[in-house]
Amino acid sequence: MKQVILGTAGHIDHGKTTLVKALTGIDTDRLKEEKIRGITIELGFASLKLPSGEMIGVVDVPGHEKFVKHMVAGATGIDIVALVVAADEGVMPQTREHLEICELLKVKKGLVVLTKTDLVDDPDWLDLVKEDVRDFLKGTFLDGAPIISVSATEDEGLNELLSELQKLVDSVEPRPSTGNFRLFIDRVFTIKGFGTVVTGTSLSGHLKVGDPVMVYPQGLESKVRGLQVHNTEVNEVYSGQRTAINLQGLEKSSIERGNVVATPGSLIPTYMVDAYFEYLASNTKPLKNRSKARLHIGTTEIITTVVILGQDELAPGEAAYVQFRMDKPTTTLAGDRYILRSYSPIRTIGGGHILNPLPRKHKGELKRVVESLQILDEGTAEDAFFWHLKEVGLKGISRTELAIRTNLPPKVFEKHWQKALSDGQALLYDRESQKMVCRDAVDMAKKMIVDTLERFHRENPLKPGLGKEELGSKMPPWLESKLFNQVLLLLSKEGILIQDKEWVRLASHKLDLGKNEEKIKKEIEKQYLQSGLTPPFFKEVATQIPGETKVKYDVLDLLLEEGVLVKVKDDLYFHRKALEDLKERLIKFLEDHGEISPAEFKKLTRASRKFSIPLLEYFDSTRVTIRVGDKRVLRSKT
């Protein structure tokens, strides 16, 4: 069944609450202060049965100018508005402000209820008021809407009003119940024996008793203990319903109006949002850049700084792209409507819709930022999908965060996700956390790696390559290791680079030793070959050979890479032939005797402990021997 919310709007003391009571039998003024003062202070809620038997939710809002922020909270999520105008007073200041708020929130359907007709004796006066209301509504979404005259106290006009409401409800498009559940909290209270209860209008998705939920922006985890719609317990709620949720394990003090109940992991708190902003023509002066204001998103009010992008100020009636920098975090999604009210004196000055719920702080040249936001504002769903994918660059983005940023219907999001992968427009580099990066970012990472290797080869022509770990350290810190490894793999498959053990080099890199380098190489190899199992430390060798120290160490790396020399410990190298000969003699000794002590090994090498102990440890590390007590045996025979 279709779920519809009717909201009231209008000036104080124009009969909104009395009208709701006449239609529903429910007095929405529940506070003691409201009863004493005779005015609505807080939001009121009721359910209305239409002629068809259909039940709709009703939100009654306060009309006093001091409580407009409550009206804004109540107007969030309504499908139809009943603009209430008292016949004896006509259009008043909050009539205008409430209509502006409904326009900014893009309420699409509604009617006008001319109340207190019993106080007007002159039919001509009633006609004049109706004409004045029609003129007032010209150019608005209520232009041409029905104007129903009623007297709630005399029970006159109510049937006609119900009939018109039925027509409006029939014309409302049902809200989809797909996607994640989300509800802006407008009331928090406790019920003895049940605990904390929150209410609001379900904006999307559906929710069942027992489902896990999270309260944002605090990130409080809970579970649904019970659900109510129209004061009736239900097992499941859908988008568009006035909903009461009994939350398990949470204290009332930890939650407040403006918080959001949603599917866990479906929202990300933020201190900034990018938005399209309309500055009302009714304003009397320009809005200066970086002005303080009151931002109303959903049911929350947050003090914010309005950063007008690309302009110093906004004249009344103008629109612009802005960034709101808020004093406290909230959660919102692309497409959410908002209202902006001035800091002091407080009045509604404009509103619009959210474009980017998780932006970066914009600095410097703002022309590109404005052009980017124009894509989000006027482009297609596909444009928005790829804009966010490209915006994160090399940082990559998870499926969950991309879904939050774009706020696309699940089926539409899935279509673009799959298309991006199948067309090669994006790379899924982390299957576990479902993280992807756009093709442009992959190409950028490729270029960074190739440029780094080219520079390294240019500066170190005798080195076989750059260590993979060292290469990774030269990349930006936000380039994840999984993406780095994927890009290396792609470059290897494309034949651009070669990975050899821990070394990485460009396929085009060739070692080309000059005469001087060849001479140094031969001299180093000669010294180690002649020294056998008692080699000098390399720093000693380096001082005996003419030439640049760096070149000598580069040649050493080359000899190690070619396997001519073997590193046994820091600065201690042996010629491969000496080690191979010793290995053969060691294995024969162990085959004949079964084990060897350090003293016996020292005799075998004819070398001092300075060399024999590192050599013993070397054969342990290369899995030729294994230590048993203070002796060694062949590993293959253990």
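Laboratory data are not the source of any read-out in this text; all were calculated from the coordinates shown. Owing to the predicted nature of the structure, the values given are computational and were not obtained by experimental measurement. Every residue, glycine as well, gets a Cβ built from its backbone with ideal geometry; the counts of neighbours run over all protein chains shown.
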Unsatisfied cross-links (Cα-Cα over 20 Å) in the set LYS447/LYS474; LYS108/LYS285; LYS328/LYS395; LYS539/LYS603; LYS361/LYS390; LYS21/LYS49
LYS108/LYS285; LYS328/LYS395; LYS539/LYS603
Non-local amide H neighbours of ASN283 (under 5 Å, H modeled in plane, Pro and chain starts lacking H): which ones?
GLY317
If each part is reduced to its alpha-carbon centroid, segment 430-464 and segment 221-254 end up apart, in Å, by 51 Å
By the scheme Lys and Arg +1, Asp and Glu -1, what is the net charge of all other residues having a beta-carbon under 12 Å from that of LEU389?
+2
Which order do the peptides 536-543, 234-241 come out in when sorted by mean C-beta neighbours inside 10 angstrom, highest first?
234-241, 536-543
Enumerate the amide H contacts of VAL234 below 5 Å, restricted to partners 5 or more residues apart or on another chain; note that Pro and chain-start residues carry no placed amide H.
LEU227, GLN228, VAL229
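Going by average Cβ density within 10 Å per residue, which order do the peptides 124-133, 391-400 take, highest to lowest? Kindly include the intermediate steps, with their values, before the conclusion.
Numbers: 124-133: 14.2, 391-400: 18.0.
In decreasing order of mean packing, 124-133, 391-400 become 391-400, 124-133.
Work out the P(r) tail for segment 310-419: percent of alpha carbon pairs separated by more than 17 Å, whole number. Present the calculation step by step, with values, prior to reporting the outcome.
Values: 3625 of 5995 pairs.
More than 17 Å apart: 60 percent of the Cα pairs in segment 310-419.
Against the 2.2 N^0.38 Å scaling, with N counting residues, where does segment 418-565 land? I'd like the Cα-based Rg ratio to two decimal places.
Numbers: Rg = 19.9 Å, N = 148, 2.2 N^0.38 = 14.7 Å.
That ratio works out to 1.35.
Could you rank the peptides 197-207, 549-559, 181-191 by their average count of other C-beta atoms within 10 Å per residue, with the highest value first?
On the way: 197-207: 22.9, 549-559: 18.1, 181-191: 19.7.
Answer by packing, highest mean first, reads 197-207, 181-191, 549-559.
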The chain - Rg (one decimal) and Dmax (whole number), Cα, Å
37.9, 127
With θ taken as phi - 60° and the coefficients 6.51, -1.76 and 1.60, list the Karplus ³J(HN,Hα) couplings across segment 446-463 in order, rounded to whole Hz; mark glycine and proline as x.
4, 4, 4, 5, 4, 4, 5, 5, 4, 5, 5, 5, 5, 7, 9, x, 8, 8
Residue by residue through segment 259-276, the couplings from Karplus 6.51 cos²θ - 1.76 cosθ + 1.60 with θ = phi - 60°, in Hz, x for Gly and Pro, are 5, 10, 9, 8, 4, x, x, 8, 9, 10, x, 8, 9, 9, 9, 9, 8, 8
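Need one number: convex hull volume per residue for segment 204-325, Cα atoms only, in Å³.
Working: hull volume 16.5 nm³, N = 122.
So the per-residue hull volume is 136 Å³.
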Sequence order, segment 535-550: Karplus ³J(HN,Hα) from phi using 6.51 cos²θ - 1.76 cosθ + 1.60, θ = phi - 60°, Hz rounded, Gly and Pro as x, gives x, x, 6, 5, 4, 6, 4, 4, 6, 8, 10, x, x, 6, 4, 4
Give me the percent of DSSP beta bridges within the chain that run antiparallel, rounded to the nearest 5.
85 percent
